[in-house]
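A short worksheet on the structure shown next.
The values are calculated or read from the model by the stated rules, or taken from the named source; none is laboratory data. Here the structure is a predicted model, which means the values were calculated and not measured. Cβ placement follows ideal geometry from the backbone for every residue including glycine, while neighbour counts extend to all protein chains displayed. SASA here: full protein model, heavy atoms, side chains in, ligands and nucleic acids out. Shrake-Rupley method; radii C 1.70, N 1.55, O 1.52, S 1.80 Å.
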Amino acid sequence: MSDAAAVVRHHRQNLRAGGLFVALDFDIGACRTEPRLPFIDEIIGWVSDAFRAAGASPHIGARLALILEQAGLQNVTTVGVQAYVPPYSRAGA
């Protein structure tokens, strides 16, 4: 999207006075394996390419607070959450 702040401003119009704006985003920038696995690197590339093909940034999370502030929101707070899966976990299989 060419102007993320404009999108937020559009949605902000629907807030009541004192309303709360909550944005959930996906940022693939922190995705990796330790040690690096070429197949996972390739998958991360596919996901990043899919985001870009859809006109979205795969790394927007790092800029989310700035975008929300540029859209005129106040008292912006962001929280990053990253799950870690140990190599022996069945969740990573």
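For the reader, a short list of remarks on this structure follows.
- Verdict on R52 being more than 20 Å from V85 (Cα to Cα) and touching a helix residue (DSSP H, G or I) at 6+ places or on another chain (Cβ under 9 Å): no
- Taken across the stretch 59-81, residues that are loosely packed, with under 10 Cβ neighbours inside 10 Å and farther than 27 Å from S2 by Cβ do occur, with at least one present.
- Flag for L68 being touching a residue at least 40 places away in the same chain (Cβ under 8 Å) and assigned to a helix (DSSP H, G or I): yes
- Pairs meeting the criteria (first residue in the stretch 35-52 and closer than 20 Å to Y88 by Cβ, second residue surrounded by 11 or more Cβ atoms within 10 Å (Cβ to Cβ), beta carbons under 7 Å, at least 6 apart or on different chains) are I40/T33.
- Tally of residues being of a type in the set (A, V, I, L, M) and either under 15 Å from Q82 (Cβ atoms) or surrounded by 13 or more Cβ atoms within 10 Å (Cβ to Cβ) (or both) across the stretch 12-36: 4
- Considering residues of the stretch 37-58 that are in a loop (DSSP other than H, G, I, E, B) and open to solvent by 80 Å² or more (accessible area, probe 1.4 Å) only, the residue modelled with the lowest pLDDT: L37
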